[in-house]
Amino acid sequence: MIVQAGLFLIETLTGFLSLALLLRFYMQAFRVSFANPVGTFVIELTNWVVRPLRRIVPAFRGLDLASLLPAYLLQLVFIWALLAVRGAEGPWSPEIVVPLLLWQALLAVLRLSLYLLIGALLVQALLSWFSPYSPLGRPLTELTAPFLRPIQRIVPPIGAVDLSPLIAIVLAQLLLIFL
């Protein structure tokens, strides 16, 4: 039971920090302003790891890899710890385990990215109904627009209701099934 509690805490901490790092990565990639409460929180929470990494890890085509790499490494460490604690049985060689760990960490980052998109879409939808002039509305719109625009071209609003967030959530959940 203590092992399960420890794994739960490790998963919660690595997941939370990974989500913050991924949010920082996507906010920078989609040119979302950090001049809002969420942006300030993300910067303050992740600066301790991103700033030193920026000296070592260069940006690639405008993408801040210093924000993406730690999220990937956190997932890699968590999966490794999970395997170590559960005591994977069998004669596993490093030639098999290392690529498997690297692949599983990549899938974990992709899953977290989809969960982040689904969460942003849900919060954006709720804010549009209950608090349309919230300071979080604009950053969420900027963050989700690259995913919603292609859907909005195919499925126009019906009356005054935009179904594109619902369609995007369904598509993201379909992708999660395959990941």
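The values are calculated or read from the model by the stated rules, or taken from the named source; none is laboratory data. Source: prediction; values computed, not measured. Because the Cβ atoms are built from the backbone with ideal geometry, glycine has one as well, and the counts that use them run over all protein chains shown.
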Tell me whether the stretch 57-65 contains one or more residues that are assigned to a helix (DSSP H, G or I), at negative phi and not aliphatic (A, V, I, L, M). no
Checking Ser67 against (1) among the hydroxyl-bearing types (Ser, Thr, Tyr); (2) surrounded by fewer than 19 Cβ atoms within 10 Å (Cβ to Cβ); (3) touching a residue at least 40 places away in the same chain (Cβ under 8 Å), which single condition isn't satisfied? (2)
Every residue from the stretch 14-49 that is among the aromatic types (Phe, Trp, Tyr) and more than 17 Å from Gly62 (Cα to Cα): Phe16, Phe41, Trp48
If Thr40 passes every condition in (1) crowded, with 17+ Cβ neighbours inside 10 Å; (2) within 28 Å of Arg138 (Cβ to Cβ) but one, which one does it miss? (1)
Out of all the residues in the stretch 45-63, is one or more within 27 Å of Phe178 (Cβ to Cβ), modelled with pLDDT under 95 and in contact with a helix residue (DSSP H, G or I) (Cβ under 8 Å, 6 or more places away or on another chain)? yes
Given the structure, is Leu73 assigned to a helix (DSSP H, G or I), in contact with a Phe, Trp or Tyr (Cβ under 9 Å, 6 or more places away or on another chain) and hydrophobic (A, V, I, L, M, F, W, C)? no
Flag if Ile10 is touching a residue at least 40 places away in the same chain (Cβ under 8 Å), assigned to a helix (DSSP H, G or I) and surrounded by 15 or more Cβ atoms within 10 Å (Cβ to Cβ): yes
Is the stretch 21-39 home to any residue that is without any contact (Cβ under 8 Å) to a residue 12 or more places away in the chain, assigned to a helix (DSSP H, G or I) and within 17 Å of the chain's Cα centre (by Cα)? no
